[in-house]
1. For segment 1-152, rounded, prolate or oblate, judged on the Cα gyration tensor with a ≥ b ≥ c (square roots of eigenvalues), a/c < 1.5 rounded, else prolate if a/b > b/c?
2. Considering the Cα trace of segment 1-58, what is its radius of gyration and what is Dmax, both in angstroms?
3. Going toward the positive end of the dipole of segment 118-260, with +1 on Lys and Arg Cβ and -1 on Asp and Glu Cβ, which of Gly131, Ala197, Thr229 do you reach last?
4. Which three semi-axes in whole Å describe the equivalent ellipsoid of segment 190-318, each the square root of 5 times a Cα gyration tensor eigenvalue, listed largest first?
5. Can you pull the Rg over Rh of segment 175-229, Cα-only, Kirkwood?
6. Which pairs, out of Lys218/Lys378; Lys99/Lys267; Lys5/Lys71; Lys218/Lys375; Lys274/Lys352; Lys111/Lys221, put more than 25 Å between their alpha-carbon atoms?
7. Using Cα positions and a limit of under 12 Å, work out the aspartates and glutamates in reach of Lys150, with same-chain residues fewer than 8 apart set aside.
8. Could you tell me the accessible area of Leu289 in Å² (1.4 Å probe, neighbours in place), rounded to the nearest ten?
Amino acid sequence: MNQRKLRMGMIGGGPGSFIGAVHRIAANMDGQIELVAGSFSSNPEKSQQAGTDLFIDNKRIYQSYDEMFEKEKQLPEGERIDFVSIVTPNHVHFDPTLKALQHGFHVVLDKPMTLTYEEATQLNKVINESGLLFCLTHTYTGYPMVKEAKQLITNGTLGNIRKIYVEYPQGWLWKSFSEEENKQAGWRTDPKRSGVAGCMGDIGTHALNLAEYVSGLKLSKLCADLNTTLPGRVLDDDGIVLLKFDNGASGVLMASQIATGAENNLKIRVYGDKAGLEWQQEDANTLILRHPEQPDQIFRAGANVPYLSSYALANTRTPAGHPEGYLEAFANHYRNFTRTLQAKLQGQEPEKEWLDFPGTEDGVRGMAFIEHVVKSGKSEQKWTKFEL
């Protein structure tokens with residue numbers, strides 16, 4: 001189907017960026033995308049350095065994203081970028097995304113969608129009116145066995161969902177870091193750049209997105225307890241949220257960045273009135289299905305596994321036994337976005353499996369979650385005093 005590679009521009013992802021390199025690896029994994037332009041830093045010298053290191057044509061290494069959009073738009077249709085990948089800190093999500101859309105470019109954006117809920121709703125309106133494609137990289141729904149879990153629930157294997165537990169423990173903010181020591185810690189703990197939430201904005205949103213995606217349910221109300229553990233730290237670095245979903249199911253979400261020694265073992269357990277399931281990132285190729293009156297079933301990822309759903313198989317690259325992880329999950333979003341965009345450009349209908357990537361609704365719900373969690377966390381009315 002593909003006539004050519006899609007041409008990508010990048011905003012952010014310069015020297016010292018973690019997520020920029022991840023996006024570039026993910027975009028490159030399937031050979032369908034070529035990075036041809038970029039404004040890689042708000043510092044022109046750093047942008048030039050990054051572009052040179054990535055072998056970008058010097059004429060297409062830009063000093064600002066405004067310059068990139070203006071000059072790329074002036075190029076012939078056969079040369080200009082098809083879409084832009086935005087990998088900046090949270091406070092530089094809204095403006096470049098808005099301007100990319102206004103110039104007619106499709107967008108892949110690192111999550112969360114924006115700095116505030118108001119920005120997200122405004123951007124959502126523009127995206128829906130533009131007819132352009134938008135992908136928000138909620139990485140973890142790209143795992144093959146997460147997609148298999150969603151299909152098992154969709155097909156009724158678990159019955160009516162009653163309970164969801166989702167947890168995301170990290171330990172990387174166990175102590176205070178200066179900006180020079182840890183660039184990521186610097187901006188992620190700064191409300192001007194990160195937003196009103198810290199831990200809950202960074203990884204709590206991932207946990208909620210995973211819970212809603214897998215279960216097919218929507219959050220209806222919540223009750224939050226947020227903690228800011230270290231002296232001098234402004235934003236939350238730990239918290240627990242009680243969840244209620246639109247079918248009456250209850251849930252618990254735990255997210256922490258001061259779980260000392262913990263890495264990134266995102267985990268979800270879902271229980272229905274027929275069966276339950278369990279998945280965790282540290283063993284991402286395995287999905288456990290638990291039955292009350294028969295042995296557990298262990299589902300394993302693999303391109304040669306006949307019992308998996310079309311959604312899991314469409315997002316699996318290797319035969320059974322070869323582990324696929326974070327980078328492949330990230331790349332699945334890029335591949336599905338790319339396949340959908342290629343079909344769109346050629347006037348064809350995309351396959352249903354290609355359309356399975358996170359978008360603007362995920363972004364708006366994520367920003368609403370952040371603001372509601374912070375509001376609930378500051379309220380005392382939800383607690384009942386324990387008395388003997």
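1. The shape class here is rounded.
2. Spelled out, the Cα radius of gyration and Dmax of segment 1-58 are 11.7, 40 Å.
3. Gly131
4. Three semi-axes, in Å: 31, 18, 14.
5. 1.08
6. Those over the limit are Lys99/Lys267; Lys274/Lys352.
7. Glu212, Glu278, Asp356
8. Counting only protein heavy atoms, Leu289 exposes about 0 Å² to solvent.
The values are calculated or read from the model by the stated rules, or taken from the named source; none is laboratory data. In this text the structure is predicted, and so the values were computed from the model without any measurement. Neighbour counts run over all protein chains shown; Cβ positions are idealised from the backbone, glycine included. We work out accessible area using only protein heavy atoms, side chains counted, and drop any ligands, DNA or RNA first. Shrake-Rupley method; radii C 1.70, N 1.55, O 1.52, S 1.80 Å.
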